[in-house]
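Enquirer: This is the structure, below, for whatever I ask next.
The values are calculated or read from the model by the stated rules, or taken from the named source; none is laboratory data. If you're wondering where the values come from, they're calculated on a predicted model, not measured in any experiment. Cβ atoms come from the backbone with ideal geometry, glycine included; neighbour counts cover every protein chain shown.
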Amino acid sequence: MDILYKEFNQKNCRVLYEDSKKRIWVGTYHDGLYCIEGGKVRAYAYPDTDYQNELDFSNIRAIIEDSSGRLWISIYGYGGVGQFNPETGEISLLSERFPELKRYKVVNALAVDKQSKLVVGSDNGLYIYDPAKDNVWIPEQDGQSNSIFNRGSIKYNQILKDHEGTLWFATQYGLNILTHNGRSYTLGKEEGFSSVILNVIEDQNHNIWISTLTSIYRIKVERGTG
């Protein structure tokens, strides 16, 4: 095993993401963002701040690309999710136009659903941004919202979109599921999940694997045609 890039020596590299252009994005803890392309490393430097500040651009939490090739980044701080410009390094925060998003402090989970909407899971709730309509939906504030979102201040650790477009939410209270055709389920203590769900992935056979504080589980999904 080789250490390929000296630029990352002694850096806490907490996020890795490969985009559609085969660029590798490296998000760090207090050392900003890096891009590996063609064997070269480009650094995006941001001022390092402490946790007393509202926003810390040097602390990257999550990265994802949508179907239009836009890159979205989460940084530490209230309302710290925005569109990233690879040319300039600018992060245009959604909270600048939607102040209600400033209540969401730490976002560790980003996903893009079948409608190309950005699904944002934080330490204290979830919201969905639609780039096409430029609007935000906060499910827990919607009286008609799906029941799996009705529990306020829930912590989202990860969000997976599987090959069908079903969304799997790893949360502090169990595994929430929103299928591609609108059905919803929650798997928690009654189903044997006695601790926090940390991660969720889909394997090549379309089984779902989840990890908790105490174990690893595999879910064999019955795939319907509807």
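Enquirer: Quick one: Thr179 ticks every box in (1) surrounded by 13 or more Cβ atoms within 10 Å (Cβ to Cβ); (2) modelled with pLDDT of 90 or more; (3) more than 22 Å from Lys105 (Cβ to Cβ) except a single one, so which number is it?
Expert: Looking at each condition in turn, Thr179 falls short on (2).
Enquirer: Hey, another quick one. If you take just the strands (runs of 3 or more DSSP E) that sit entirely in region 1-119, which of them hold at least 1 residues that are at pLDDT 90 or above, hydrophobic (A, V, I, L, M, F, W, C) and within 17 Å of the chain's Cα centre (by Cα)? Walk me through how you get there before you give the answer.
Expert: Numbers: elements: 13-18, 24-28, 33-37, 40-44, 55-65, 71-77, 81-84, 91-93, 107-112.
Counting at least 1 such residues, we get 13-18, 24-28, 33-37, 55-65, 71-77, 81-84, 91-93, 107-112.
Every residue, every condition in (1) in contact (Cβ under 8 Å) with a residue 40 or more places away in the chain; (2) part of a loop (DSSP other than H, G, I, E, B), yes or no:
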residue: Trp168; (1), (2): yes, no
residue: Asn176; (1), (2): no, no
residue: His180; (1), (2): yes, yes
residue: Thr186; (1), (2): no, no
residue: Glu190; (1), (2): no, no
residue: Val200; (1), (2): yes, no
residue: Gln204; (1), (2): no, yes
residue: Trp209; (1), (2): no, no
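Enquirer: Test Glu164 against the stated conditions and say whether it is part of a helix (DSSP H, G or I) and either touching a Ser or Thr at 6+ places or on another chain (Cβ under 6 Å) or surrounded by fewer than 16 Cβ atoms within 10 Å (Cβ to Cβ) (or both). Steps first, answer last, please.
Expert: Values: part of a helix (DSSP H, G or I): no; either touching a Ser or Thr at 6+ places or on another chain (Cβ under 6 Å) or surrounded by fewer than 16 Cβ atoms within 10 Å (Cβ to Cβ) (or both): yes.
Answer is no for this residue.
Enquirer: Another one. Consider Gln158 against the criteria (1) polar (S, T, N, Q); (2) surrounded by 17 or more Cβ atoms within 10 Å (Cβ to Cβ); (3) more than 22 Å from Phe57 (Cα to Cα); (4) within 16 Å of the chain's Cα centre (by Cα): it satisfies all of them except one. Which criterion is unmet?
Expert: (3)
Enquirer: Check whether at least one residue in region 147-155 is touching a strand residue (DSSP E or B) at 6+ places or on another chain (Cβ under 9 Å) and at pLDDT 90 or above, and report yes or no.
Expert: Yes, region 147-155 has at least one match.
Enquirer: What number of residues in region 193-217 are exposed (fewer than 11 other Cβ atoms within 10 Å of the Cβ) and over 19 Å from Ile159 (Cβ atoms)?
Expert: Step one: list which residues in region 193-217 are exposed (fewer than 11 other Cβ atoms within 10 Å of the Cβ), which gives 203-205, 213-214, 216.
Still in the list and also over 19 Å from Ile159 (Cβ atoms): 204-205, 214.
Selection size over region 193-217: 3.
Enquirer: Next question. Just to be sure I understand the filter: pairs with C-beta atoms under 8 Å, separated by 6 or more residues or on different chains, first member in region 153-166 and without any contact (Cβ under 8 Å) to a residue 24 or more places away in the chain, second member surrounded by fewer than 18 Cβ atoms within 10 Å (Cβ to Cβ) and among the β-branched types (Val, Ile, Thr). Which pairs pass?
Expert: What qualifies is Thr166/Thr179.
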